[in-house]
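Just so it is clear, none of the values below were taken in a lab; they were calculated from the coordinates. Computed from a prediction, not measured in an experiment: that's the story for all the values here. Cβ: placed from backbone, ideal geometry, glycine included. Neighbour counts: every protein chain shown.
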Amino acid sequence: MHELPFWKQKKLHQLNDSEWESLCDGCGRCCLHKLEDIDSNELCFTNIACKLLDLNDCRCTQYEDRFKWIPDCISLRQDLNQTIHWLPGTCAYRFIFEGKDLPAWHPLVSGNKDSVENAGISIKHFAQSENAVNDNYQNHIIDDC
Ligand code: SF4
Ligand code: SF4
């Protein structure tokens with residue numbers, strides 16, 4: 001009988017560092033700017049990425065020092081319950097937090113790091129840096145996050 005993979009055996013707070021890191025698929029969606037409706041608290045994602053995100057590899061260019069530049073960036077692992085709702089519905093941490101399995105395109109399931117991009121989950125092909133945006137962020141709302 002096959003042993004269940006770690007994400008089906010453990011809660012997020014039980015993961016070791018290596019397991020925790022491997023859950024991140026590198027999609028970059030958490031680094032998109034979001035708008036919140038002040039009446040309904042509904043969260044809308046835009047296609048505008050944080051200025052520190054490298055759009056070629058969807059990685060933060062200042063990860064260790066990011067709070068120096070972007071004080072309101074989140075620390076998911078430290079503030080899990082308070083910040084999980086800020087993540088997109090496609091995020092592996094949300095899937096596990098909500099007791100769901102990982103999708104077929106997640107690299108831990110597919111065994112292929114390119115499957116995130118092939119499935120259209122990576123922001124590589126639709127995001128633009130906030131440095132390149134001059135109009136109202138409301139014009140950049142997307143509805144598939
Ligand atoms: S949205 Fe989730 S899976 Fe995607 S880069 Fe952010 S933390 Fe990683
Ligand atoms: S500071 Fe880095 S981790 Fe935080 S939103 Fe910007 S690019 Fe993403």
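Worth pointing out:
- Its relative contact order, with pairs defined as Cα atoms under 8 Å and 6+ residues apart, puts the chain at 35 percent.
- Percent of Cα pairs exceeding the 22 Å cut-off, where the set is the chain: 42 percent
- Here the chain is treated with +1 on each Lys and Arg Cβ and -1 on each Asp and Glu Cβ, and its dipole about the Cα centre works out to around 340 debye.
- Normalised radius of gyration (Cα atoms, divided by 2.2 N^0.38 Å) for the stretch 2-64: 1.49.
- Extension gain (nm, one decimal) between residue 73 and residue 86, 0.36 nm per residue minus Cα-Cα: 3.6 nm
- Sum of -39500 (n - 2.57) over DSSP H runs of 4+, divided by residues of the chain (222 nm, nearest 500): -4000 deg cm²/dmol
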